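Engineer: For reference, the structure I am asking about is given below.
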Amino acid sequence: MKKIISYIIIGLFLPLFFFSCNGKKDKGMRTDTPTSGTIQFVADESFSPIIEEERKQFEFEYPKAHLKPLYIDEVTGLQMLKDFKTCLLITSRKLTDHELAYIKLKSNIIAQSFPIGYDGVAFIVNKENNDTCITVKDIKRILTGEATNWKQINPKSKRGKIEVVLDNVRSATTDFVVDSILKGKHLGGKNIFTAKNSKQVIDYVDKTPNAIGIIGSNWLNDKRDTTNTTFKKNIHVMSVSIKNKATEMNSWKPYQAYLLDGRYPFARTLWANVVDGSKALPWNFANYISSPTGQLIIFKSGLLPYRGDIEIRTVNVKR
């Protein structure tokens, strides 16, 4: 049996991608500069592993800068940005035209939204569950409550009721599931639950043989693997197919190459949303993630950078 495996090589030697925004410098409140001071920023919890990597490296390069992350759900983070309680929100969507206009009206600051990378929304199952290939159609059936038993997915399965667990009811992951996978339809069925965060999803799936967890793929990369081609060993990551029947040959996991070429169907964009009239520390950190150094961190984490010279090489693996 042969299966084509693709991997990517990326060159990250592009100029820094900077933005400018208008607005008066805060009086008597902020003392931060682009490379010093202390600020709090907000990110959706599902992106915390990669944002922590970026934060640590930024603070290493700028020792006088102190970034205090608040990892919460997307809805709360967006409200904090609109209430001017934070100057930076990192999540899976950009500000809408209405939100940009609201911020301009209230603060006279031109907010900026720019993409910084891609990850995949991953479906995980217990390590004892060998039903690891699934179709997009069956995922939709499960999420809407049409399919509630593993026999409806695999007639030979003996795992019984399907339990679905998401990271948070207001998270960027849940928002993607409803908007991009279900196209606005409501999550259905009594078998769908929400945890408090992504770690709890992984822990629940690890202990529950009949569960499916839904999390951001940046939570799943095994740091022992420098090639970014394996995931954490205590769970299985499902391969997803757009075909009517999922097989090993037509189903794909959220690896970098498959996010890039579109074979993995559930890719999402990471956005930095900045409201910083001073163009100081929040603005510089957001642009740092878009710099060659920041993009290389994204690449090494197993996600797909937004900017860079990307090359795909294909090899045939004989089994």
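The values are calculated or read from the model by the stated rules, or taken from the named source; none is laboratory data. Everything numeric in this text was worked out from a predicted model, so none of it was measured. Don't worry about glycine lacking a Cβ; one is built from the backbone with ideal geometry, like all the others, and counts go over all protein chains shown. The protein model used for the area step is the full one, side chains on, heavy atoms only, and it has no ligands, DNA or RNA in it. Shrake-Rupley method; radii C 1.70, N 1.55, O 1.52, S 1.80 Å.
Engineer: Suppose we filter Ile153, Ile134, Ile139 for residues that are more than 20 Å from the chain's Cα centre (by Cα), modelled with pLDDT of 95 or more, of a type in the set (A, V, I, L, M) and within 25 Å of Met249 (Cα to Cα); which single one remains?
Structural biologist: Among Ile153, Ile134, Ile139, only Ile134 is more than 20 Å from the chain's Cα centre (by Cα), modelled with pLDDT of 95 or more, of a type in the set (A, V, I, L, M) and within 25 Å of Met249 (Cα to Cα).
Engineer: Now for a separate question. Tell me the strands (runs of 3 or more DSSP E) entirely within segment 33-146 that contain at least 2 residues that are open to solvent by less than 30 Å² (accessible area, probe 1.4 Å) and within 21 Å of Thr174 (Cα to Cα).
Structural biologist: Strands (runs of 3 or more DSSP E) meeting the threshold: 37-44, 88-91, 112-126, 133-135.
Engineer: Identify the single condition in (1) at pLDDT below 95; (2) under 18 Å from the mean Cα position of the chain (by Cα); (3) among the β-branched types (Val, Ile, Thr) that Val240 does not satisfy, given that it satisfies every other one.
Structural biologist: Exception for Val240: condition (1).
Engineer: To continue, here is another question. Determine, yes or no, whether Gln112 is over 23 Å from the mean Cα position of the chain (by Cα) and not basic (Lys, Arg).
Structural biologist: No, not satisfied.
Engineer: Of all residues in segment 179-205, which are crowded, with 16+ Cβ neighbours inside 10 Å and either farther than 16 Å from Glu163 by Cα or touching a residue at least 60 places away in the same chain (Cβ under 8 Å) (or both)?
Structural biologist: Those that are crowded, with 16+ Cβ neighbours inside 10 Å and either farther than 16 Å from Glu163 by Cα or touching a residue at least 60 places away in the same chain (Cβ under 8 Å) (or both): Ile181, Leu182, Asn197, Ser198, Val201, Ile202, Val205.
Engineer: Mind checking which residues of segment 8-56 are modelled with pLDDT under 90 and either touching a Ser or Thr at 6+ places or on another chain (Cβ under 7 Å) or aliphatic (A, V, I, L, M) (or both)?
Structural biologist: Those that are modelled with pLDDT under 90 and either touching a Ser or Thr at 6+ places or on another chain (Cβ under 7 Å) or aliphatic (A, V, I, L, M) (or both): Ile8, Ile9, Ile10, Leu12, Leu14, Leu16, Phe17, Gly23, Lys25, Asp26, Met29, Arg30.
Engineer: Take segment 147-178 and flag every residue that is touching a residue at least 24 places away in the same chain (Cβ under 8 Å), open to solvent by 40 Å² or more (accessible area, probe 1.4 Å) and more than 17 Å from Ile124 (Cβ to Cβ).
Structural biologist: Selection gives Thr148, Lys161, Val169, Arg170, Asp175.
Engineer: Assuming Asn218 fulfils every condition listed in (1) modelled with pLDDT of 90 or more; (2) part of a helix (DSSP H, G or I); (3) within 15 Å of Ser301 (Cβ to Cβ) apart from one, which condition is it?
Structural biologist: If we test Asn218 against (1) modelled with pLDDT of 90 or more; (2) part of a helix (DSSP H, G or I); (3) within 15 Å of Ser301 (Cβ to Cβ), just (1) comes out false.
Engineer: Regarding segment 259-268, can at least one residue be identified that is open to solvent by 20 Å² or more (accessible area, probe 1.4 Å), modelled with pLDDT of 95 or more and part of a loop (DSSP other than H, G, I, E, B)?
Structural biologist: Within segment 259-268, one or more residues are open to solvent by 20 Å² or more (accessible area, probe 1.4 Å), modelled with pLDDT of 95 or more and part of a loop (DSSP other than H, G, I, E, B).
Engineer: Please indicate, with yes or no, whether at least one residue in segment 159-173 is in a helix (DSSP H, G or I), over 21 Å from Thr247 (Cβ atoms) and among the polar types (S, T, N, Q).
Structural biologist: Yes; the residues of segment 159-173 include at least one that is in a helix (DSSP H, G or I), over 21 Å from Thr247 (Cβ atoms) and among the polar types (S, T, N, Q).
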